[in-house]
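Everything on this sheet refers to the single structure shown next.
The values are calculated or read from the model by the stated rules, or taken from the named source; none is laboratory data. A quick note: this is a predicted structure, and the numbers were derived from the prediction, not measured. Quick reminder, even Gly has a Cβ in these numbers, built from the backbone with ideal geometry, and neighbours come from all protein chains shown.
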Amino acid sequence: MKYTKHVLLLLLIIIPFLSRADEGMWLPQLLGKLNEPRMKSLGMKIRAEDIYSINRGSLKDAVVSFGGFCTGEIISSKGLLLTNHHCGFDAVQNHSSLENNYIRDGFWAKDYASELINKGLFVTFIVRIDDVSKAALNGVSAQMPEADRQRLIDQNMNEIKKNAKKESAQDAFVRGFFEGNQYYLFITETFRDVRLVGAPPAAIGNFGKDTDNWVWPRHTGDFSMFRIYASKDNKPAEYAADNVPYTPKKSLSVSLDGVAENDFTMVFGFPGKTTEYLYSAAVEQIRTINDPAKIAIRDKALNVIDHYMRKDETIKIQYAAKYASIENAYKKWQGEVLGLTRTDGVAKKKLYEAEFQKRVLANAAWKEKYGNLVNDLDAAYTAISLYALARDYYTEITAKIELNTIAMQLNALTTAFEKNGEKGFNERLKISQPAISSLLEEFSPAVDKSVFEVMAEMYVKDQQKEYVSPVLLQWLDASDDSYSSLAGKLYSQSGLFTKASLDEIFSKPPAEAVVSINAFDALKVFRDMQSTYQKSVQVSLNKLQDSINKLQRTYMQAQMEVMKDKKFYPDANGTLRVTFGKVQGYTARDAVKYEYFTDMEGLMEKYKPGDYEFDVPEKLRTLYKNKDYGRYGKNGVMPVCFIATNHTTGGNSGSPVLDGYGNLIGLNFDRVWEGTMSDINYDASICRNIMVDIRYVLFIVDKFAGATRLVEEMKIVYPKQSKIKK
């Protein structure tokens, strides 16, 4: 009986580890060592070397970091690139106007000459990845203060980059992994002539908009197409009229076989940031304090912006991308709280930590090194709690007020002048002037003034008084405690947000320009908000954060040393990763079970004529009515989206979804609402990524848009049918 009890207890501890076996964002060069057998058991037919190789073309050579914020993939030998609609949205918006509303109507270039130039847009390929941990950590000791440690590592990384073997057109960077316990060198190649080829209308590419965001079932054709251009010798080049379509080392074949439940799936991309190894106290603070505060702030801002967007088409175009960006995290955090609560994520972490501590105390060497680690983490997160909340309030509120963004740029100019005179001013002007000009292209004083009113009220009323700017409080008192009157005074100085007035100031001698800049009242308020935050929050916060960083790094090292029965993958940090899983539905909550795919029947059930979110273009309705799906539908059904257990996050938007043969079967664009907590705590029961089926993408390109020439560029394959024939 005692033996049975011990076995049951051990299973309770180990089963959570086993159930998470397919989570993770794995470094592609290590798949052969860590993951290949498991991937093959799930249905992968290719080798790890076919995914990542530095000696021949492999799948990594068809995957790019798109603009540094999304992922894209090459789908033809002529540099045709596929990514999400929401990733390409800024480019579509920049080319849109009331006369040519590509957001509303979509855009499809009829030939190369019609493809649209996008200033500043780039894509980056990974050439190779090298482990440089030993060189990066050379001279580092456990006793070093955090600032000294980081300074030495930075020096080491600079030397590594300087001495890296690479071609003249290639770049290099070094990134830390496992909380700074390991380091890798990335050799990259960046192309800066990326042109817009096509995008569906928002009624397809953003169907469901805010209501369906982070939600399953989904019916969104979230894709857009670009093309990479290169010099005549196929090298990276800035835009030039005589650049030619890039010929890639590898382009993805496109499978039209479709997906079935339990099919193997692999997502290749550039996930942005996860914190899977956070201590339980930190996760509980996120769930109960930080996320709810940020949700409340964004809710207020979104209500204001939405009010104006619904009334004015020009504002709708101006603020479409900004609104989507604000709303995206807002809803994600709601799902994060929901998922952590429903799966009892904090309790699971505590169970894991209890087992960790048990093993530590049972080993004399570990006890000496790590015996107090858990208690130290508890104390550190308790100490930082209030400061972390104040940080979130300051950063969220000030960032939503665009007048503050302008003030921040102007303040940087005056600071540069104070430090380095005219030279400093003129150098900073090269950054601040274009940044402000870009902001003003999509700025409405009326909208921003209303946002300021609600944000300022939250800033004053919803946090401790010592964190609130005294200058703002004085101005508020002088305005009879009316946030509307206060906003009216600050926004009455329209020269602060008028391009011609600012350009006139910038053209003055620096000393005179600084005098003019300092006359803006909004700048005075912003400076004091910033100063108050720095003095009352940031100084203490930084010290505590340094302590936590060191503790988390030690905790990461300790877990890898103590928990030998667990495979560890590094947190996402914007570098190339592979995640794998299988097509699978899930149970969202009691009596609510979701299937793994959606089709056009469900899309039409959501159709609301003229609705902001759920309108459907007439041509798409006609294609549905006639079941005119071409080779992309099957048995009168047109698939739209599907879900799988791949572990993804922000930055994976636009990532290729590959079958067991490495063929493109979908395009990653979202996660289910309940599973957004996968950034902190992946749980296989509800964590699902959402993908648009590649058959729906091609159906829209070919049958809806008539851009058949683009499909003709691609290599279409039918691996399942080929297998049956054999």
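Quick notes
- The range 600-621 - residue that is free of Cβ contacts under 8 Å to residues at least 12 places away in the same chain and in a helix (DSSP H, G or I) and, of those, surrounded by the most Cβ atoms within 10 Å (Cβ to Cβ): E605
- The range 283-327, residues that are of a type outside the set (A, V, I, L, M, F, W, C) and closer than 30 Å to K350 by Cα: E284, Q285, R287, T288, N290, D291, P292, K294
- A single member of K331, K367, K349, K300 is among the basic types (K, R), in contact (Cβ under 8 Å) with a residue 60 or more places away in the chain and within 30 Å of M563 (Cα to Cα), and it is K349.
- R671 vs. criteria within 17 Å of M25 (Cβ to Cβ) and under 15 Å from the mean Cα position of the chain (by Cα): yes
- Whenever a residue of the range 628-643 is in the same structural domain as M266 (by TED's automatic domain parsing) and modelled with pLDDT of 95 or more, its partners that are polar (S, T, N, Q) and in a strand (DSSP E or B), lying with C-beta atoms within less than 6 angstrom and at least six residues away or across chains, give the pairs V640/T598; C641/T598.
- Tabulated pairs, the range 700-726, first on the phi > 0 side of the Ramachandran plot, second crowded, with 18+ Cβ neighbours inside 10 Å and modelled with pLDDT of 95 or more, C-beta under 8 angstrom, 6+ apart or interchain: G706/W108
- Selected residue (only one of V460, V360, V451 is among the β-branched types (V, I, T), under 30 Å from K499 (Cβ atoms) and at pLDDT 95 or above): V451
- Failed condition for A296, given (1) assigned by TED's automatic domain parsing to the domain that holds K349; (2) within 30 Å of K703 (Cβ to Cβ): (2)
- Restricted to the range 578-627, and to residues there that are aromatic (F, W, Y) and out of contact with any strand residue (DSSP E or B) (no Cβ under 9 Å at 6 or more places or on another chain), the residue that is modelled with the lowest pLDDT is Y612.
- Lone qualifier among V697, V672 - being assigned by TED's automatic domain parsing to the domain that holds L196, among the aliphatic types (A, V, I, L, M) and under 22 Å from G345 (Cβ atoms): V672
- For first residues located in the range 212-230 and within 16 Å of L710 (Cα to Cα) and outside the structural domain of E327 (by TED's automatic domain parsing), partners that are among the charged types (D, E, K, R) and assigned to a loop (DSSP other than H, G, I, E, B) and lie 6+ apart or on another chain with Cβ distances below 7 Å form the pairs R227/E115.
- Residue selected from the range 77-123 under the condition among the hydroxyl-bearing types (S, T, Y) and surrounded by 15 or more Cβ atoms within 10 Å (Cβ to Cβ), by the criterion farthest from F704 (Cα to Cα): S77
- Residue match in the range 329-348 (condition: within 30 Å of A91 (Cβ to Cβ) and over 23 Å from the mean Cα position of the chain (by Cα)): no
Here's the yes/no breakdown for (1) of a type in the set (V, I, T); (2) modelled with pLDDT under 95; (3) crowded, with 18+ Cβ neighbours inside 10 Å:
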site: L9; (1), (2), (3): no, yes, no
site: P16; (1), (2), (3): no, yes, no
site: A21; (1), (2), (3): no, yes, no
site: M25; (1), (2), (3): no, no, yes
site: Q29; (1), (2), (3): no, no, yes
site: L34; (1), (2), (3): no, yes, no
site: K45; (1), (2), (3): no, no, no
site: A48; (1), (2), (3): no, no, yes
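- Selection from the range 205-250 of residues that are within 24 Å of G585 (Cβ to Cβ) and small (G, A, S): G208, G221
- Count - residues of the range 396-416 that are out of contact with any Ser or Thr (no Cβ under 6 Å at 6 or more places or on another chain) and either buried (at least 21 other Cβ atoms within 10 Å of the Cβ) or modelled with pLDDT under 95 (or both): 11
- Checking each residue in the range 54-65 for being at pLDDT 95 or above and more than 13 Å from G269 (Cβ to Cβ) picks out S58, D61.
- Counting only strands (runs of 3 or more DSSP E) wholly contained in the range 143-261, the ones carrying 2 or more residues that are within 24 Å of F89 (Cα to Cα) occupy 182-191, 193-199, 224-230.
- The range 532-543 residues that are closer than 15 Å to T395 by Cα, paired with ones that are part of a helix (DSSP H, G or I) and of a type in the set (A, V, I, L, M, F, W, C) (beta carbon under 6 Å, 6 or more apart): V537/A390
Yes or no, residue by residue, for (1) assigned by TED's automatic domain parsing to the domain that holds P434; (2) in contact with a Leu (Cβ under 8 Å, 6 or more places away or on another chain); (3) farther than 21 Å from E441 by Cα:
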position	(1), (2), (3)
L82	no, yes, yes
H86	no, no, no
A91	no, yes, no
H95	no, yes, no
E99	no, no, no
A109	no, yes, yes
S114	no, no, yes
N118	no, yes, no
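- Pair list, Cβ under 7 Å, 6 or more apart: the range 256-278 residue farther than 28 Å from D599 by Cα, other residue acidic (D, E): T274/D571; T274/D679; T275/D571; T275/D679; E276/D571; Y277/D571
- Only one of F443, F417 that is aromatic (F, W, Y) and assigned to a helix (DSSP H, G or I): F417
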